[in-house]
Structure formats: C-alpha cells, structure tokens
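Peer 1: Right, I'll just put the structure down here and ask away after.
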Amino acid sequence: MSPYADLHGGAILNATISLYAYASIELIPEKKIIIEAIDRSEEQVFPLQAELPIDGTLDLAKGVYNSVMQQYEPDLHGFRISTFVEAPAGSGLGTSSTLVVTILGAFAEWLKLPLGDYDMAHYAYDIERVDLKMAGGRQDQYAATFGGVNFMEFYANDKVIVNPLRIRPEYLHELGHNLLLYYTSTSRLSSDIIESQSKNVIDKNEKSIEAMHHLKEQARMMKEALLRGRVDEMGEILDFGFHHKKRMTRGISNPLIDEMYDTARKAGATGGKISGAGGGGFMTFYCPGNSRYAVMRAMERFDGYFKPYQFVNHGLVTWSTNGY
C-alpha cells in the first residue's frame, strides 16, 4: 500500500481460492445501458451514452465503462452487464478489486482490448484507486488477474513483480486442510482503516511503520516455509503477523475479534489473521493435525460461520459466445 511500498518496498504472499466474482455482458437491441448487481439486488438503467454518473451506486461497473470508453473509444452499443460476487462486500477478501478485474475482463473480451496480465491488473488498479479514488493496496488486482500462489513485490512508480511459486501439491493440500476460513458476520468500511495506515506512514509514526516492516517480513517467512514444506510453521508465522498488524493503526482488531482469535487458539489453532484491512469480515485460522474440528466446535458460540473453499491455480478467465 502507498506510501509505505513507495518508500520501503512491499511484499505479499497470496493464494487465490474458489470464491468467484462473475460479470457477463449481453448485447441488447435497445439504446440502453443496464447495470445490475444480482447479489445485491441493485439495478440502474441509462440511455446509451459515453459516460455514466458516479453516484455511489454500482460505481465499480460504471467506473470501468467510463474508463474503457475514454481510453479506447469503441462504438456505442446497447448492453446489459450483470455481476455476482460469492463473498460479501467488506469481507476482507479483495471483493471490490476482484470485481473490477472481472468487469474489465468482460469488456476486454467483448471489445478485444489488447491487455496482458500486468496491463489488466494495473488498469484495474488505476480505475479503482485513481479514477474512483477508493483507498486500498495494489495486491488484490494482481492476485485476481494472475491467480495461483504468488509472492508479489511492490515498489515506487507503480513497479510490481509477480513471482509465481511452485508449491508441491502435498504442501498445498496440507495447507488447505489446516487453514479454516471464518466469516465473522460483520463487515467494515476498509477505507477508513487504510487511510489511517497511510497517514501513519506520512506522519512517520515509528510504531506503525515498524509493524509494517514486520508484516513484510512475515510474507517472506511464509514463502520460505511453503517452499520448503514446513507447513506447520505457518500458524506461528500468522500469529506473529496478527499481533504486528494490530499495531499498524486502530480499528484493525476489536474486543470481539480478539475474543474470537483467543477462542480459536485455545481450541488448537496455532495462529491466524484478520483479512484485508481488518475490523471485521473474514478471519483465517491455522489448525495443525486434526485440530480444525475442535476449533470449529469452539467457534459455534459466535454468530459467524466457516466458509468452505479450495485453492485454485487460475485467475481471470474470460470467454465469449454468439460470435462476439
């Protein structure tokens, strides 16, 4: 996240999972633009025009459309774009960035835009962070585009290096078995937390910056553990990161999140994390051996639920039918 990554360099270990964002574009004979988010029961209809209003409703789709029209100037044609996201908004799993990549991918498929993986991810970042001015980091767009397990490095001037990791299948199977994904049943507005983190870097808050240094080191520690098959070290490394992440700024954790984390730890988890900016959304717990079952029972007293998933090695996938 800027400005930290611009000043010190950033690093992320990321793996894509089987929770998807979908976007489909259907050409229609009417001179209209119809945008619908099926999972949110939202729809807007506009006359055919080159720019759509950014007004707080369905802005991700409208932001992509506006940018594509400005950059590539395609012929106007009536269409319906429909989206659906399998993870709730504000969950910490990068849903908004994944959706932007998905929508951009649909337009790129339709209009045959010349975008490679790096181009797609960077373009999605510009739409979300620059055009729409939505606070956040850079990793989610690259994760959604590339897919698989990647160690990503971030530098000044928008330089990003995506390093795909060749993890032995048995290591990934063990990791997937031992990592539980838990939805706290609370969402949050990540922008407030993210803006506070950025301010701490600008203000040279030593405690916060030192915590960010440790989180960057955590990514390298996890990469090393996975590549060498020391999978059970992941719990301790996650615990190391959880405590340092809370020191970056206020709001990342709260008494309920701490209670959930402590409950999982007492039941057998060796570590975990709060996803994304924190404050709510999903948590992840590393449960070695068969301790996952005791952890799942212990968490029943809270209002959240565990979400099944699998690791997947693909990112953005697009296709077209009906000859366009």
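Peer 1: Let me check I've understood the local charge: for residue 182, count other residues with C-beta under 12 angstrom from its C-beta, Lys and Arg +1, Asp and Glu -1. What total comes out? Mind showing how you got there, number by number?
Peer 2: Numbers: positive: 273, 292, 307; negative: 300, 303.
My count for the surroundings of residue 182 gives +1.
Peer 1: OK, next. Between residue 22 and residue 207, how high is the FRET efficiency from 1/(1 + (r/R0)^6) when r is the Cβ-Cβ distance and R₀ = 30 Å? Nearest 0.05. Kindly include the intermediate steps, with their values, before the conclusion.
Peer 2: Details: r = 42 Å, r/R0 = 1.39.
The pair residue 22/residue 207 has a calculated efficiency of 0.10.
Peer 1: Another question about this same structure. Please give the helix 233-245 orientation as an angle from the longest Cα principal axis of the chain, in degrees from 0 to 90, rounded to the nearest 10.
Peer 2: Rounded to the nearest ten degrees, it is 70.
Peer 1: When 25, 161 are ordered from fewest to most other Cβ atoms inside 10 Å of their Cβ, what list results?
Peer 2: The most exposed by this proxy come first: 161, 25.
Peer 1: Which value in Å is the Kirkwood Rh of the chain over different Cα pairs?
Peer 2: On the way: mean 1/r = 0.0484 Å⁻¹.
Hydrodynamic radius (Kirkwood, Cα only) of the chain equals 20.7 Å.
Peer 1: Sticking with this structure for a sec: Could you bin all the Cα-Cα distances of segment 14-164 into 5 Å bins starting at 0 and give me the percent of pairs in each, rounded to whole numbers?
Peer 2: Final binned percentages: 2, 9, 20, 23, 21, 14, 7, 3, 1, 0.
Peer 1: Can you tell me which of 143-156, 77-90 comes out highest on packing, and rank the rest after it, using the mean Cβ neighbours within 10 Å?
Peer 2: Details: 143-156: 20.8, 77-90: 18.2.
Per-residue mean Cβ counts within 10 Å order the peptides as 143-156, 77-90.
Peer 1: Just check segment 167-306 against the gyration tensor rule for me: Cα atoms, a ≥ b ≥ c as the square roots of the eigenvalues, rounded for a/c under 1.5, and otherwise prolate or oblate depending on whether a/b exceeds b/c.
Peer 2: On the way: a/c = 2.27, a/b = 1.27, b/c = 1.79.
Oblate shape, in that a/c is at least 1.5 and b/c is the bigger or equal ratio.
Peer 1: Compute the relative contact order of the chain as a whole-number percentage, counting only Cα pairs closer than 8 Å that sit 6 or more residues apart in sequence. All intermediate terms of the calculation are to be shown ahead of the outcome.
Peer 2: On the way: 602 pairs, mean separation 76.6, N = 324.
About 24 percent, as a whole number.
Peer 1: Kindly write out, for segment 162-176 in residue order, the coupling ³J(HN,Hα) from the Karplus curve 6.51 cos²θ - 1.76 cosθ + 1.60 (θ = phi - 60°), rounded to whole Hz, with x marking Gly and Pro.
Peer 2: In residue order, the calculated couplings are 9, 10, x, 9, 8, 9, 4, x, 5, 5, 5, 4, 5, 4, x Hz.
Where a number appears in this text, it was derived from the coordinates with a stated rule and is not lab data. What you see is a predicted model, and the numbers here were worked out from it, not measured in a lab. Here Cβ is always computed from backbone atoms with ideal geometry, including for glycine, and neighbour counts include all displayed protein chains.
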